[in-house]
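Some notes on the structure that comes next.
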Amino acid sequence: MALTSGTVELEGGPVSYVRGGAGPVLALLHGGGGLQLGPFHERLAERHDVIAFQLPGFGGTPRHPSVGDTRDLASVVARALSALGIEHYSVLGESFGGKVATWLAIDDGARIDAAVLESPATFRTEPLSSIPPEEIPGRMFAHPELLGALLAGPPPGDAPGGPGPYGADDQRLWLDELMGDDGGDDVVPHLASIVTPVLVAFGTADGMVSPETGRIYRAHVPVCHYALIYDAGHLLHVERPDAFLELVEDFLDRKSGFVVDAASGVLLP
């Protein structure tokens, strides 16, 4: 997709983004390694106006003094979208971005048409900085032996050859600071107030965040669909892009009319 880079100047500081595609607006909130676009996102842009944000403090961008947690980041995204003249949008949050997207659905739900949470790290209690970097590939992917074919760049987790999606130590500590140490308990009392349809999707082999945490969303969000993608780890859009894209597009098309079993749906190959 043809991408346009831009920056929104907000009171707390600048927010960078890239934008491409055509159709309804889809805000993309990245995972803990910062903004990393690939073939999956190009396919999303075939039917959506994708606005992919580099959240403050990631990808070498400056932190905002007012940002101390993921709810603050959600406020930054909402204000950035307003500054871009966006009145209504859907949102896709990946991993760490899934918790940011959750707060966005809570606080800016009147403008959100649908929210997709990919392997949301909302209820992950294990600090990222406590995981040995060499363990990360095996926990993120169902088939870490296929990383060379799955990823265009270096393998994750500070493996030889590159920094990986979680970057340097200071970025992992920044992630832990933003996530807090309450294991997502701060979010639960607010889930019932979400007015937009929500899709929560996990891979059955996710070793970074328990797929069972999707049931917390299912139990508390009024309109919530919980889906499991077979033989996938934490990064659904990398390991099972076709299955995940089909799921996401169907949900964004039908929203509250989307049908997944009340307990969960498992997508086979």
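Structure data summary
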read-out	value
Residue check, G148 farther than 25 Å from V91 by Cα, small (G, A, S) and modelled with pLDDT under 75	yes
Residue in region 207-217 that is assigned to a loop (DSSP other than H, G, I, E, B), surrounded by fewer than 17 Cβ atoms within 10 Å (Cβ to Cβ), on the phi < 0 side of the Ramachandran plot and touching a residue at least 60 places away in the same chain (Cβ under 8 Å) present	yes
Selection within region 73-94 - closer than 26 Å to F202 by Cβ, out of contact with any strand residue (DSSP E or B) (no Cβ under 6 Å at 6 or more places or on another chain) and open to solvent by 10 Å² or more (accessible area, probe 1.4 Å)	A78
Where F202 falls short, out of the listed (1) at pLDDT below 95; (2) touching a strand residue (DSSP E or B) at 6+ places or on another chain (Cβ under 6 Å); (3) under 20 Å from I136 (Cα atoms)	(1)
Hey, G138 open to solvent by less than 20 Å² (accessible area, probe 1.4 Å) and over 21 Å from P14 (Cβ atoms) or not	no
Odd one out for E11, checked against (1) closer than 13 Å to A80 by Cα; (2) modelled with pLDDT of 95 or more	(2)
Within region 22-51, tally of residues that are surrounded by fewer than 21 Cβ atoms within 10 Å (Cβ to Cβ) and not aliphatic (A, V, I, L, M)	12
Given (1) touching a residue at least 60 places away in the same chain (Cβ under 8 Å); (2) in contact with a helix residue (DSSP H, G or I) (Cβ under 9 Å, 6 or more places away or on another chain); (3) surrounded by fewer than 21 Cβ atoms within 10 Å (Cβ to Cβ), index of the condition P222 fails	(1)
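The values are calculated or read from the model by the stated rules, or taken from the named source; none is laboratory data. Predicted model, so just to flag it, every value in this text is computed and none were measured. When we count neighbours, we look across all protein chains shown, and the Cβ atoms used for this are built from the backbone with ideal geometry, even at glycine. These area figures cover heavy atoms from the full protein model, side chains too; ligands, DNA and RNA do not enter into them. Shrake-Rupley method; radii C 1.70, N 1.55, O 1.52, S 1.80 Å.
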